[in-house]
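Student: Structure incoming, see below.
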Amino acid sequence: MSEILPEIAAVWDAYPEDARSTAQQLRGLIYEEARQQDVGPILESVKWGQASFVPKARRTGTAIRLHWSEKAPEQFHLLVHCQTQLVETWREALPHLTYEGNRALQLPLARALPMNDLRRCVAMALTYHRSRT
């Protein structure tokens, strides 16, 4: 896993400690799953003020964005493109998790991250296009 880009660090530096810690854990999980799923290098950037992670190889997976907001300070969000079927698929496979529309998985900061469930969600996102062909 590479160093965090300065632009992502700047976004995360504005987060409270629990949200920053969650973001860092999720970033680690994304890189771990990228290795497990053999999707190749991950490109990091900031999109819409959110840290974004996507496989460098085209038509492999969809971007995963990580976000915390003062509007919902008790939640952290793992977002994917709203035109994918990912959240619908997650909702069917993992009904015990909390979702926001067709674009986000909500993670309460007061609870431990459901790492096994998140591993499945991240793997599906990183291989979204590859698994559809």
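Student: Restricting the search to segment 7-49, which residues are in a helix (DSSP H, G or I) and either in contact with a Ser or Thr (Cβ under 7 Å, 6 or more places away or on another chain) or among the hydroxyl-bearing types (Ser, Thr, Tyr) (or both)? Steps first, please.
Tutor: In the first step, residues of segment 7-49 are kept if they are in a helix (DSSP H, G or I); the result is 7-13, 17-36.
Within segment 7-49, Ser21, Thr22, Tyr31 qualify.
Student: So, of the residues in segment 58-77 that are out of contact with any helix residue (DSSP H, G or I) (no Cβ under 6 Å at 6 or more places or on another chain) and within 17 Å of Ile8 (Cα to Cα), which turns out to be surrounded by the most Cβ atoms within 10 Å (Cβ to Cβ)?
Tutor: Applying the first criterion (out of contact with any helix residue (DSSP H, G or I) (no Cβ under 6 Å at 6 or more places or on another chain)) to segment 58-77 yields 58, 63, 65, 67, 69-75, 77.
Restricting the remaining residues to those that are within 17 Å of Ile8 (Cα to Cα) gives 63, 65, 67, 69, 77.
Details: Ala63: 19, Arg65: 22, His67: 20, Ser69: 13, His77: 19.
By that ranking, first place goes to Arg65.
Student: Now, a different point. May I ask you to verify whether Glu44 is of a type outside the set (A, V, I, L, M, F, W, C) and closer than 24 Å to Ala110 by Cα?
Tutor: Considered against the rule, which asks whether it is of a type outside the set (A, V, I, L, M, F, W, C) and closer than 24 Å to Ala110 by Cα, Glu44 comes out as no.
Student: Report, by residue number, each residue of segment 15-59 that is in contact with a His (Cβ under 6 Å, 6 or more places away or on another chain) and either among the small types (Gly, Ala, Ser) or within 17 Å of Tyr128 (Cα to Cα) (or both).
Tutor: Arg59
Student: Please find, among Val87, Val122, Val80, the residue that is touching a residue at least 60 places away in the same chain (Cβ under 8 Å), β-branched (Val, Ile, Thr), buried (at least 19 other Cβ atoms within 10 Å of the Cβ) and touching a strand residue (DSSP E or B) at 6+ places or on another chain (Cβ under 8 Å).
Tutor: Only one candidate qualifies: Val122.
Read the figures in this text as sums done on the coordinates, not as results from a lab. Only a predicted model underlies this, so the values are computations on that prediction, with no experimental measurement involved. Virtual Cβ from ideal backbone geometry, glycine too; neighbours counted across all protein chains shown.
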